[in-house]
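Report on the structure given below.
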There are 2 protein chains.
Amino acid sequence: MQFSVKIDIILLDSSLELVPKEIVNHPSVVKNAMKRGKRPEQTILDISLHYSAMKNLPNFRKRGRPDILHQTLLLILEEKIMDEIYIHTIDSKIIRVDPSMRPPKNYDRFIGLMEKLLIEGRVPKENNPLMEILNVKLEDIVKGKNPILLSEDGKRTSPEALCKDNNLIGIGAFQSGDFSSEVKSYFYERYSISSRVLEAQQVVCRLLSGCNYLLGWP
Amino acid sequence: MQFSVKIDIILLDSSLELVPKEIVNHPSVVKNAMKRGKRPEQTILDISLHYSAMKNLPNFRKRGRPDILHQTLLLILEEKIMDEIYIHTIDSKIIRVDPSMRPPKNYDRFIGLMEKLLIEGRVPKENNPLMEILNVKLEDIVKGKNPILLSEDGKRTSPEALCKDNNLIGIGAFQSGDFSSEVKSYFYERYSISSRVLEAQQVVCRLLSGCNYLLGWP
């Protein structure tokens, strides 16, 4: 009998949002939107473009890093061991990602796609969406699953030990700071897979490799 | 006694080059360079921007994918198991990368940095460079090492079996096509770590995880 495994992954507090109202008129935001032929409120917050505008936003060090999502999705969506994939955003949206989706490799194209998703609610707009914003909350996603948070203060374990059907593995997709209270209230089982602080893409890489190791590196 | 390991990685035939002479006057190349306030010959070839200009270049499907390098370097340079890191480019340049380097996470900033490197030969220009183009050939790099090519037609093995001191692991950093004859003439030991064709970042992820597994996931 062949060993097989499918896991669910949810990227948590993901640093993905449209430019918030407070700063839509800031010169750096307007200038960058105009360059791309867009209105400021149609563009995604990105600290590498909007640093000066963002400095006074609450919680700004946790925001404006859509590159983290890009990097992690590029790894996740090339593997065949995914059952369900979700993105939970910093403002509590839940996005369902179809495991057959292949995100644009080019960062600017990825940003364009995510802008479309945040504005229209789904991409592509017609037929079966590859990504869509669900009308649910984090609470609804964890129901009936075994939610596990990967966190530096968790109990030390190995990635391969986490690779089990019905595990919903939560991985932070933000730069710095703590998980939100919403995340903490539904993910109380915490594990750590390293003796040091890892970046999101390293966490994803280790987890996927843990599964692939169990499967004999398919 | 603690088990320890350091490996050398070389990214091979990496899809990184400045816009070649044949297409510096193509409208799409000029337009994209102008947008960034640069001369066309100072910009990096990128298929997501220059597709229409590139179509008639020889070997064009293997070129213009600096995002592959970005993605793999972001994974490699967060790990502590690297001894030497090299980038061998599609036009046979050899770039030494300091393991303490942290590449810009933002793609456009990464491109700006690589443009500087290709034009000036090193970054930063003063003091100890974090990346520099060496005046050597691939032949010189493999000397005294055990060069191993990761290739889909290689002998099947596991990533952890490859993680040995003195192994120089060669990984293709291009989209499609075969390794160059230069690469094939110095890397004749070939291994495969999957039953299917992997993307460069997946190969890197598996290899690093193989080492991290041996080390008890540090």
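Of the accessible area of the protein assembly as shown, computed with a 1.4 Å probe over protein heavy atoms only, carbon and sulfur atoms account for 50 percent.
Excluding same-chain neighbours fewer than eight residues apart, the lysines reachable from A:Lys35 by a Cα-Cα span under 18 Å are A:Lys116, B:Lys31, B:Lys35, B:Lys38. Short-range pairs are left out: with C-alpha atoms under 8 Å and at least six residues apart, the relative contact order of chain A is 27 percent. Would you mind finding the longest exposed-site-free stretch of chain B, with exposed chymotrypsin sites (Phe, Trp or Tyr not before Pro) meaning DSSP loop and at most 16 other Cβ atoms within 10 Å? My reading of the result: B:4-187 is the longest stretch.
Size check on the range B:178-218: the Cα extents along the three principal axes, sorted descending, read 38, 20, 16 Å. Ranked from shortest, the separations from the 7 Å Cα-to-Cβ label point of A:Gly37 to its equivalents in the other copies are 2.3 nm.
Counting only residues at least eight positions apart within a chain, or on another chain, the lysines with an alpha carbon under 16 Å from that of A:Lys143 are A:Lys184. Contact with the other protein chains removes 50 Å² or more of accessible area, compared with the isolated chain and a 1.4 Å probe, from these residues of the range B:182-218: B:Arg196, B:Glu199, B:Gln202, B:Cys205, B:Arg206, B:Tyr213, B:Trp217, B:Pro218. Once you divide the Cα radius of gyration of the protein assembly as shown by 2.2 N^0.38 Å, the number left is 0.98.
Position B:Glu126: other-copy label points at 5.9 nm, ordered by increasing distance, label point 7 Å along Cα→C-beta. Pairwise over distinct Cα atoms, reciprocal of the mean inverse distance: report the Kirkwood radius of the range B:18-61 in Å, one decimal place. The answer is 10.1 Å. The antiparallel fraction among DSSP beta bridges confined to chain B stands at about 35%. The range A:9-49: which residues show an accessible-area loss of 50 Å² or more, assembly versus chain alone, 1.4 Å probe? With the partner chains in place, the range A:9-49 has these residues losing at least 50 Å²: A:Ser48.
Taking amide H atoms as placed 1.01 Å from N in the peptide plane, the amide H of A:Leu18 lies under 5 Å from those of A:Leu45, each 5 or more residues away in sequence or on another chain. Put simply, the convex hull of the Cα atoms in the range A:1-140 casts, on average, a shadow of 9.8 nm². Helix screen, chain B: DSSP H segments with Cα axial length of 20 Å or more and mean Kyte-Doolittle hydropathy at least -1.0 are B:200-214. Normalised per residue, the accessible area of chain B is 45 Å², obtained with a 1.4 Å probe and no contribution from ligands, DNA or RNA.
What accessible area, summed over both chains, is buried at the A-B interface (1.4 Å probe, Å², nearest 100)?
Between A and B, the summed buried area is about 3100 Å².
For the residue pairs B:Lys21/B:Lys137; A:Lys21/A:Lys105; B:Lys6/B:Lys155; B:Lys21/B:Lys62, the alpha carbons lie more than 25 Å apart in A:Lys21/A:Lys105. In the range B:96-117, the residues that give up 10 Å² or more of accessible area when the other protein chains are added, compared with the chain on its own (1.4 Å probe), are B:Lys105, B:Asn106, B:Tyr107, B:Asp108, B:Arg109.
Contact order, relative form, for the range B:151-195: 78 percent (alpha carbon pairs under 8 Å, 6 or more residues apart, mean separation divided by residue count). Placing a label point 7 Å from Cα along the Cα-to-Cβ direction at B:Ser100 gives distances to the equivalent points in the other copies of 5.0 nm, listed shortest first.
The values are calculated or read from the model by the stated rules, or taken from the named source; none is laboratory data. As the structure is a prediction and not an experimental result, all values here were calculated from the model. Cβ: placed from backbone, ideal geometry, glycine included. Neighbour counts: every protein chain shown. Just so you know, the surface numbers come from the protein's heavy atoms only, side chains and all, with ligands and any DNA or RNA stripped out. Shrake-Rupley method; radii C 1.70, N 1.55, O 1.52, S 1.80 Å.
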